[in-house]
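The values are calculated or read from the model by the stated rules, or taken from the named source; none is laboratory data. Keep in mind that this is a model prediction, so the values were computed, not measured. Cβ: placed from backbone, ideal geometry, glycine included. Neighbour counts: every protein chain shown. The area values use the complete protein model at the heavy-atom level, side chains included, leaving out ligands, DNA and RNA. Shrake-Rupley method; radii C 1.70, N 1.55, O 1.52, S 1.80 Å.
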Amino acid sequence: MESVIRAAAVYFFLLVVFRVAGRRTLSEMTMFDFILLMIVSEAVQEALIGDDRSLTNSGIVILTLVGINIGLSMLKLNFVTAEKWLDGRPFIIVEHGKCLQERMDKARVDKDDVLEAARKSQGLERLDQIKYAVLERDGQISVIPEPSQP
Amino acid sequence: MAARKQEIDIGEDLTQQRKVWVIERVSWTLGAIVILGALLGFAGHGKFSDREVTAPESSLVVSYQRFERYHAQTLLSLRLADVEEGETRVRIGQEFLGNIEVMRIEPEPERVELDTDFMTYVFNANTPGLILFHYKPVNPGPMQIEIGLADEPLQRLPQFVYP
């Protein structure tokens, strides 16, 4: 029983921590994100397994984590509100070349992040070439270019 | 806004997003308070956790942590300020012993005597010195360290074990 409770507690703790940390926290694997992920996984390992290094315990922990994941995905599928709170909704951060600064500040995104996404995904060079930039649920920025002038 | 909705359908819900931002910032504040509390010792090993207790008219000084963590090894340190020739008898309550796993005792006791409510650890100590109990709490929640020298009432020292 303890293994199941431990695994569930760790899962929900991490879910809450990374949810409130904001969607940009692990959205792109920068060097600092990579270091953070490595340290967190190392810290979590002990809490998940404890002193019991048996195959049975590992199996129960894995089954619990996968089970919760399936349960949450079903919850999100059937309840829109649950999906909104667990995953959030995408929102626009640049509209017709203009930064919606309040939204960007709150989401910890700056103009350089948007321009980088625009260069990488659309080969755009300037902000005024962007029709919409959207901060997606996974923290990535998607860019829709302005239609090219004839 | 209406024109935007027609052009791009992403299911934006800014009212909910604003609530999320507020929750995020409140959570960051709470997180900062937890970190500060941990630095001060409220999660164990710090200014507010380190305790040294001497019972009135006792030669036993007990050092322990007010806050501990489940299954984390810790130390109960007993300093004997005034020792008579011969053996020193330290009593520890059975209820406390039921909540911990004793890992090691330094120096090792000569023998251990079992009683109904406590165990008596008998040490061959002729000089003032330290006795160290290394142990792990095996139950989370509040508990009391019950400890004392023979023929003295047991001291009850509160300890909280985080899960």
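Normalise the Debye intensity by I(0) for the protein assembly as shown, one equal point scatterer per Cα, no solvent, then take log10 at q = 0.14 Å⁻¹ and round to two decimals.
-1.11
Got a sec? Charge dipole of segment B:61-163, +1 on Cβ for Lys and Arg, -1 for Asp and Glu; which of B:P109, B:P142, B:M119 is way out at the positive end?
Result: B:P142, furthest along the dipole toward the positive end.
In segment B:1-109, what trypsin sites (Lys or Arg not before Pro) fall in a loop by DSSP, with at most 10 other Cβ atoms inside 10 Å?
B:K47
Please identify every one of the chymotrypsin sites (Phe, Trp or Tyr not before Pro) in segment A:1-95 that sits in a loop by DSSP and has no more than 14 other beta carbons within 10 Å of its own beta carbon.
Taking segment A:1-95 and a limit of 14 other Cβ atoms within 10 Å, the loop chymotrypsin sites (Phe, Trp or Tyr not before Pro) found are A:F79.
Only helical DSSP H runs with n ≥ 4 go in: add -39500 (n - 2.57) per run for chain B, normalise by residue count and round the 222 nm mean residue ellipticity to 500 deg cm²/dmol.
Theoretical 222 nm ellipticity from helices: -7500 deg cm²/dmol.
What accessible area, in Å² to the nearest ten, does a 1.4 Å probe give for A:H96?
90
Do any GluC sites (Glu not before Pro) in segment B:92-163 lie in a loop, going by DSSP, with at most 14 other beta-carbon atoms within 10 Å of their beta carbon, and if so which? Write down the numbers at each step before the final one.
Numbers: sites: B:E95, B:E101, B:E110, B:E113, B:E146; in loops: B:E110.
Qualifying residues, ordered by number: B:E110.
In degrees, nearest 10, range 0 to 90: what is the angle between the Cα axis of helix B:14-40 and the longest Cα principal axis of chain B?
That helix lies at roughly 20 degrees to the long axis.
Any idea of the accessible area per residue across segment A:1-138, 1.4 Å probe, to the nearest Å²?
61
Roughly how large, in nm² to one decimal, is the mean projection of the convex hull of the alpha-carbon atoms in segment A:94-144?
3.0
With springs only between Cα atoms under 10 Å apart, run a GNM on chain B and tell me which of B:V62, B:V34, B:V90 wobbles the most.
B:V34
Taking 25 Å as R0, compute the FRET efficiency from the Cβ-Cβ separation of A:T81 and A:F12 and round it to 0.05.
0.90
Mind giving me the FRET efficiency for A:M29 and A:L65? R0 is 25 Å, r the Cβ-Cβ distance, nearest 0.05 is fine.
0.70
Just read off the accessible area of B:D115 with the full protein assembly in place, 1.4 Å probe, to the nearest 10 Å².
70
Considering only protein heavy atoms and a probe of 1.4 Å, how much of the accessible area of the protein assembly as shown is carbon and sulfur, as a whole percent? Could you put the intermediate results ahead of the total?
Values: 11030 of 18610 Å².
Of all accessible area on the protein assembly as shown, carbon and sulfur atoms account for 59 percent.
Could you state how much accessible area is buried at the A-B interface, both sides summed, with a 1.4 Å probe, in Å² to the nearest 100?
Values: alone 10280 and 10500 Å², together 18610 Å².
Chain pair A/B: roughly 2200 Å² of buried accessible area.
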